[in-house]
Amino acid sequence: MPAAVGTGAIVKEQQGTIAKVVTGKVVMAPTVPDCCQLTELTEATVLTNIERRYMDNKMYTFTGNILLAVNPYERLPIYEEQYMARFPDVAISKAEPHVFASAEEAYQRIRKDRRAQSIVVSGESGAGKTETNKYLMRYLAWRSRGGKGGTGGADLANAILQSNPILEGFGNAKTGRNNNSSRFGKFIRIHFDPKGGVGGAVMSTYLLEKSRVVFQGPNERNYHSFYMLQAGASAGERASFSLEPGPEKYAFLNQSGCYANTGWGEDSKEYAAMRTAMSAVGLNETTQLEMLSVLASTMHLGNVDFNKVANEEYACAADEARLALASHLLGCEDVGPLLLQRSMKVPGAVYNIQLTPPQATAARNAFGKQVYCLLFDWIVARINDSIRGNANDAMPFIGLLDVFGFEIFEVNSFEQLCINFANEKLHQFFLKFVFKMEEEIYKAEAIAGIKIEYSDNQPCIDLIERPPMGIFKLLDSMCKTPKATDVKFCTSIFDEHAKPGKQHAHLVVPKRRPREDTEFSVRHFAGEVRYACTNFLEKNNDSLDTSFKDMLLQASNGVTRALAQIAADRDESATAGNAKSGARSVGGFASVSKRFVDDINSLVNTLNMTTAHFVRCMKPNARFKKLDFDRAMIKTQLQCNGTLEAVQLMRHGYPNRVPYDLMFDRYKKHLLSVPGVKDLTPAQFCEVLAAIANLDASDYALGVTKMFLKAGKGKFLEELKEKPIDEVLPVLKAKMIEWERRRRALPLIAKFLHMQVKRCRYKRERRLAVYVQSHRRGVLARRAFKAKLAAHRAATEAARIAKAEAARSGHAHRPSTLSAEVAKAEAQAREYAEVQAEVAAEMGLSEQVAESTAAAEALGGEKASVAAKALQEKYGLGGAGKGRAARGAFDLMSPRSSEKLAAEAVTLPEILDPKALQALLQGMDYSMMETEIEAIVLKAKTEARLRERQRIHEITEAVRLEAQRKLKYHVSLAQKQIREELNQRVTAEVKSHAMVQKASFTAEGERCTLRVVQQKDHSETFTKTLKTKEVDAIRAMFKQWDVDGDGAISYSEFIAVMKSVAERQGKPFSEKRVQAMFALADLDKNGSVDFAEFLVMQVQKADRAKLKAELGADGAGASDDSRFLGVGASPGLERLKEVLSEKKGANGKDRVGTGDHASIASFSDLASATDLEPGAPLTEAIDLGPQFLREYLRFNRNGNGCLELEQFVAVLETTLLKRGLRVYRKQLEGMFRAADFDEDGIVELHQFVQLDSVKRYFDTLQKREIQHQQQAREQNEAQQRAVVLQHQKQEAERQAGDRRRSQEIAYRQQQQANVYAASMPQVPPSPGWDASSPAMRPPMSEGEALLSHRLDQAQRQLAMVAQVNAVERDLQLALQMGAGSTSAGTGRSAQVNGP
């Protein structure tokens, strides 16, 4: 804190404490009862608020409706009846934080809604859950007695309260974290009648910790009941039960050395309170003594020890008197057989097996645990009988849940797994109720904008219980498996949930698992817990031997007989459950985990049917000290129980909800006189109420059925809902009338404002349009273009004259220069005209577009007219003068056009200053001014666009050159990386090959067998049988290599020998190659080559040499060239052999060296003799060897025929693509590796093309491509024939139509001729008339001549019809033949394309 602070300053500490300075003193800001009311909601402020309230002895704090309770570790005077009187009929939102406020909230809701309620009290062990449940039961009992339930209800309430001392005595114990820890779970349902009185109660318990009866850890005690009986029993009872002086005398009580429990109370006083409570719940004195006798028998049973029988292995009781005393107190004749023998049933017989002393001790412990557990179940059943009353399922209830808290001990066993699983389920219920229900409500009510995030623990629950491989399911399965052990069970967990790649997120797998799995760890919501698997199988088996139940049924003690009946009923229930689920019962197995999981799931289902209220209990420290607040510990508990997430949800969500119908039905009928109310829907009515309350729109949201309000914003509506109608109605009417006036005035004001806004916008747009658009469109650019065209023509004429003068003067070089200049000038003029046409089209100048286009065409622009039409269609220009006629000085522009024009005005360069422009326009009329301005703008835009084009061209060229430079650089870099990766991969393969193999040889007579096996799976990779002489020769060579004589060749020796060999043979020495050879030879990767590995190296070398010789050899005396070209090659390769011989020259080297260019040219010409033009169809398969060689010479004209991988792939890919063949790179790489016999990364192309397998492969590839091309050609021909036939058919149909029309015309003309002939008068012929003689024919009149003409025309038409008929017959015949050929072609195509 600063030394001097001004008054009124706000001081904030790092821990979140907020203080205010008042008159120079620091005053702490007041705490808030609800964390949702904090103005600054963070973890620090929440912790500070809880801490300061705790230090003020205010242990309770609300978080919404969730109550946070911090254990004070002392008795506070806030639980008396005078304090209880503060809470009846007080809403939880107005009550102070207290457990009584939560109880009152549940009580009020069950009275109003008649719906079941539940109060879930949760927290760690020692957080105060048991005490909180006692206070809840006290308040509910007191509240029910204050109602009209009668004396019966009061007695039931008292009986319910009296059950607490009994259950605490038999079910609670001292642990290292809690002096009064509940070692069982309890859920009590208190039923209420319609009058508010207690109608009855039913109690359910879960998983009593049986192992505590026989074992306690350090600083722990057994159950309170043992110590209470020892300290509080009367003298007669002590004599009757034969009790020892103190608890340290009993083996079941003295294991931890802890006997007193000052933090809980005095055992003698608690014993008296327990006996009084037993009487209150209906247990008479005789029954109490019988029950205590059973409890005492369990104490004495722990003192029974066992020894070996003389000369035997089985056990006997060390003190028969102690065994007899335990049997007597239990009421049985003798329990010894149950502890010393085990019965085994087989079909037709029963065998009794004697137990050893350790087995007898285990049987004694199991007997004691079962008796105590059955006694506890009997007590719960008797309490239920006394408090049940008239309770039934139809009566609503308030459920109080008190379960074991989350436990993490040094040694966690089966009980801790069950307890923590129950806490996981309850934590999930809290998440589901508080978060998931909120999310579903927001979704159902269509409330958007609320983001709910929380950590769901469902995966952890699935790990424990989900069938078929949950931990509990694996445990049950292991219990039914013969010879199962705890170690096998633990291993099965890791085998199922720790698979590689499928490891469960909530199972912690150690980095190094031990040889035997004895423990596993689960990541719970509250932390990581490690469970020891010891005795898991034993603790999960709750079955009892039949002899055990038979002996208890024959006991003289009535309580003992009742215990046997409870055990029998439980076994029958387990058997029925297994039969119902289809499970097979093995050996009378009854699963504790299954029953516990079923009980917890049933409990959660019951809680889901109730309205839950949560009380979160927390431990302030682990030292059991009052007023000691550990912030880190509280923060961890707040994070684990989900309180911080709930705080954020309450703060940012809508915690208050008001149903529409509730407010609507209550007030609408009283407000019908208010104008407009009767027309409102329920949602609108509540919205009106929010407007009346002056709520901001962000303070509430309207759902489908209710109104959602922020925290603290629904006070007005809550008051309306709670107050009487008579008080609220006058105020509500007045506010409704005021709201209605505002609603009616709002449209008038809105209309005026809307009109004003529109008017202002219109005036502004019109002013801008008149200003910008008045002189926008001119056409004076035509004048500028004419001037430009005249200049161009002058330049052309000057060039022509200069050309003529140059021709006369005899200079030969000037015409070409002048022509280039002329062409350049024409190109520039043409570009200027095209750009000017484009700009004119954008400006809407149709005339200028036409003129500029014509000029461009005149200058050689072939596409100018097409571009002009496209521009006219794009900008809607129909013709000359159309743009100007459609424009006016006062036409309004759209906002988009105005923005475009403004942008153009900014980018245009200044051509003339204002004074020059004024002088230019002086003396012009409006039309001339408009034309002049258009010309200026057109010229400026054209020149600007030309400059832009030039700049773009320069930038593009620069980018292209830079990209080309970068591409070359990256290609070279990629090639380098590929070479490096190839070397690394080869080295890695060599190393991995060497690391996994081992060589060995065995001598068998005169032969020796050499083997190489994989070290991993011992599979053979190389086998060779050698003669002894060969082995001896190689051994002698090995001794020469092994300089130091240690039986192994080191790397230094290997490299020295190889260097000397290279020097002797005159070959270059490569250390990398020698290193690779050594790595191949060193099979076991131990850094040296032994004799077996050396033998493998020499044998493989001999095999490679033999194979290499066989490639080109053809009997004895084969020439050196046979190594490359072989015998039996094609004639083309024979000629290539001769060329290679010429290239070899005088040096005589094996590989082709650098030769003269003439030989290379002949080599290339000879190879190209069989070349095929790219894209030409294949007709037959040819030898691709010369093609590969020819393509190689194109890559490297002076090469020696040796290729690396990339060169090899490039040569083959180029050749195959020219032939239209496709081969993938992986296939080519495989060919390269197969042909690399020396494994040096180099392939001799001359050797490769002579391999028979290569020839066969490429021949098959070509044949397949030829077949494919032939099928494609046939299919194309069939398609072409079908198209031709279709055209013939259409032509035939057209001619048939023409024929029909000709027939109709001829027929009509014939009819007209007949009619005309009939109308002519018949004149008889004169004497001597000869009709056949032309001379005798009289001259025809005009009508007769017309008739004759028409008759001739009709005859010609008839002849034409006959010709058409003949043509039609021919076409039909052709169509029939074509259809047959088409079907045949289709069939062939189908056959080609078939499978």
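Laid out as a table, the results:
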read-out	value
Highest to lowest packing among 1093-1100, 679-686, 841-848, scored as the average C-beta count within 10 Å	841-848, 1093-1100, 679-686
Theoretical FRET efficiency, 1/(1+(r/R0)^6), r = Cβ-Cβ of THR636 and ALA260, R0 41 Å, to 0.05	0.85
Alpha carbon centroid spacing (whole Å) that separates segment 355-384 from segment 962-983	82 Å
Fraction of accessible area attributable to carbon and sulfur, segment 386-477 (%, probe 1.4 Å)	52 percent
At most 12 other Cβ within 10 Å, DSSP loop - chymotrypsin sites (Phe, Trp or Tyr not before Pro), segment 1199-1296	TYR1224
GLU440 paired with PHE624, simple spin-label distance in nm, labels 7 Å along Cα-to-beta-carbon	4.3 nm
Shape of segment 333-487, Cα gyration tensor, a/c cut at 1.5	prolate
Inter-probe distance in nm under a simple model that places probes 7 Å from Cα toward Cβ, at SER1000 and LYS976	4.9 nm
Gyration tensor (Cα) of segment 269-384, equivalent ellipsoid semi-axes in angstrom	33, 17, 11
Accessible surface of segment 205-359, 1.4 Å probe, proportion on carbon and sulfur as whole %	52 percent
Cross-link table LYS210/LYS345; LYS134/LYS626; LYS186/LYS706; LYS1016/LYS1106, entries beyond 29 Å C-alpha to C-alpha	LYS186/LYS706; LYS1016/LYS1106
FRET efficiency, ALA1036 to ARG1256 (Cβ-Cβ, R0 41 Å, nearest 0.05)	0.40
Percent carbon-and-sulfur accessible area, segment 51-194, ignoring ligands, DNA and RNA, probe 1.4 Å	45 percent
Separation of the SER234 and MET928 label points, Cα + 7 Å toward Cβ, nm	14.2 nm
Spatial separation of Cα centroids for segment 591-625 and segment 123-140, in angstrom	13 Å
Paired Rg and Dmax values of segment 587-663, which use every Cα atom, in angstrom	19.8, 65
Pairwise FRET efficiency - GLN1270 versus GLU962, Cβ, R0 = 51 Å, nearest 0.05	0.55
Dimensionless Rg ratio for segment 342-419, taking C-alpha atoms and the 2.2 N^0.38 Å reference	1.79
At 0.890 mPa s and 25 °C, Stokes diffusion of segment 197-261 via Kirkwood alpha-carbon radius, µm² per second	177 µm²/s
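The values are calculated or read from the model by the stated rules, or taken from the named source; none is laboratory data. In this text, all values refer to a predicted model and were calculated from it rather than measured experimentally. Cβ coordinates were reconstructed from backbone atoms using ideal geometry, including for glycine residues, and neighbour counts include every protein chain displayed. Surface accessibility is based on the protein's heavy atoms, side chains included, excluding ligands, DNA and RNA. Shrake-Rupley method; radii C 1.70, N 1.55, O 1.52, S 1.80 Å.
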